[in-house]
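A quick write-up on the structure given underneath.
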Amino acid sequence: MVFSMTYKRAASFSIHVPTCIEFGWGASERIDELLLDAGRHCLLVTQANLLSLPAIDGIRKAVEAAGKTVHLHIVAEEEPDSASVDRAGRELRGQPIDLVLAIGGGSVIDFAKAVSIVLTHEGPIWDYVGYTGKPARQFENQLPTIVAVPTTSGTGSEVTPYAVLINNKLGRKAAISSPLIAPKVAIVDPELTVTMPVEVTAYTGADALAHAIESFLNAPMRTPFSAMVALEAIRTGAKALPDVLKDGTDRQARSAMAWTSLMGGLAISMAGTGVGHAMAEVLGGLTHVAHGKTVAVFLPAVLRLLEDYYKLPLPMLRAALGDGSRPASEQVWLLWQEVGLPLTLPELGVGQGELSQIRQDTLDYMGWAMSASPVALQSDDVDRILSYVWPE
Ligand SMILES: [Fe+2]
């Protein structure tokens, strides 16, 4: 078999997609048949503002009509934190829950994954989070069946083995990573994203594109399969994001963004993210700024580092973004400008005094990200990225 030499690990890799994916406009209307054998006692995890939407109410009623008991848990936090997960675990443990149905954005789905762990395991949820210098505790017991129905197009959490949490005591944000928390079923119904506000559509879309781009740049982890999926997401998302922001009811554009998010999620499941996400998580842990906004700020800066400083031409990335003659960093920068996404840290309310903490945390607990790149990054590179996201 002949592989392109672009891919370092082409000679040997495995493909494992543990999630059964149902994709399509109106797919959630078939929830009763999709969940037929998924369990009898359902914990429905969602947000209060979603429950009043007819489509979400319809899903809840369909699950009840299918003969399942439904216990409702509302996620109040915009970005899930470990203390809320522990609290939910204390409240819910002892209930005979064998199905966890998450309906919402990435925060809700990640929260539901984490709750699935504390329902069946002792100890604080942060024990199961891992990062540089802190190995994660392993699961021993079987988890409930996790089913995810995304209402945003961004995190791809409906297919990933990750649940990202904030620890407010430590001021850190990091992930639980295990194939056991990848949802068994993902119902990706773009119709559910139509009510998403413009700003959320923009920054969740940026997250989806960042997943695809960062996984594509993660040379040590990338495989031909993850790269193919990532390039498909980049091509689709770069075109669809401006369209969906012009008209949020555009069925094709909403479907394309749901597809981008799904592909981005699959790409990071296989090849991980990179320093852009690492710095975004550090910032999120310190400030609670929405994940998509922090990711948006760092992505063009990371690309600029690779192109301007390391002189990497990144031709496949340029072409996938739509213009093979323009640097990828410039194309992402222009796209963000067009759709009104933040490009600098002050736009997120970050002051100069916080830069040293961001730098230190990136090199400390996010140290893994230094090698998740086409070139091994050094501490000076973190300073360069920070200088790019500061107004000139
Ligand atoms: Fe992300």
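Throughout, read-outs are computed from the coordinates displayed, never taken from laboratory work. Everything numeric in this text was worked out from a predicted model, so none of it was measured. Because the Cβ atoms are built from the backbone with ideal geometry, glycine has one as well, and the counts that use them run over all protein chains shown.
Structure above, values below:
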quantity: Search result, residues across region 352-389 that are assigned to a loop (DSSP other than H, G, I, E, B) and either of a type in the set (Asp, Glu) or surrounded by 14 or more Cβ atoms within 10 Å (Cβ to Cβ) (or both); calculated: Tyr365, Met366, Ala372, Ser373, Pro374, Val375, Leu377, Val389
quantity: Residues of region 340-355 classified as farther than 13 Å from Thr287 by Cβ and touching a Phe, Trp or Tyr at 6+ places or on another chain (Cβ under 9 Å), total; calculated: 4
quantity: Any hit, region 242-254, residues being out of contact with any strand residue (DSSP E or B) (no Cβ under 9 Å at 6 or more places or on another chain), within 15 Å of the ligand (Cβ to nearest atom) and either within 15 Å of Val332 (Cα to Cα) or not in a loop (DSSP other than H, G, I, E, B) (or both); calculated: no
quantity: Residue, nearest to Gly205 (Cα to Cα), within region 100-113, restricted to residues that are within 16 Å of the ligand (Cβ to nearest atom) and assigned to a helix (DSSP H, G or I); calculated: Gly106
quantity: Check on Pro220, surrounded by fewer than 24 Cβ atoms within 10 Å (Cβ to Cβ) and assigned to a helix (DSSP H, G or I); calculated: no
quantity: Criterion: closer than 15 Å to Arg384 by Cα, surrounded by fewer than 23 Cβ atoms within 10 Å (Cβ to Cβ), over 21 Å from the mean Cα position of the chain (by Cα) and away from the ligand (no atom under 16 Å from the Cβ) - qualifying residue of Asp308, Asp323; calculated: Asp308
quantity: Filter result (of a type outside the set (Gly, Ala, Ser) and buried (at least 16 other Cβ atoms within 10 Å of the Cβ)) within region 38-50; calculated: Cys42, Leu43, Leu44, Val45, Thr46, Gln47, Leu50
quantity: Residue count, region 157-192 (criterion: outside any strand (DSSP E or B) and within 24 Å of Asp86 (Cα to Cα)); calculated: 16
quantity: Of all residues in region 146-183 being among the hydroxyl-bearing types (Ser, Thr, Tyr) and closer than 15 Å to Ala114 by Cβ, the one that is nearest to the ligand (Cβ to nearest atom); calculated: Thr155
quantity: Which listed residue, of Met228, Met196, is surrounded by fewer than 24 Cβ atoms within 10 Å (Cβ to Cβ), under 28 Å from Val115 (Cβ atoms), hydrophobic (A, V, I, L, M, F, W, C) and away from the ligand (no atom under 13 Å from the Cβ); calculated: Met196
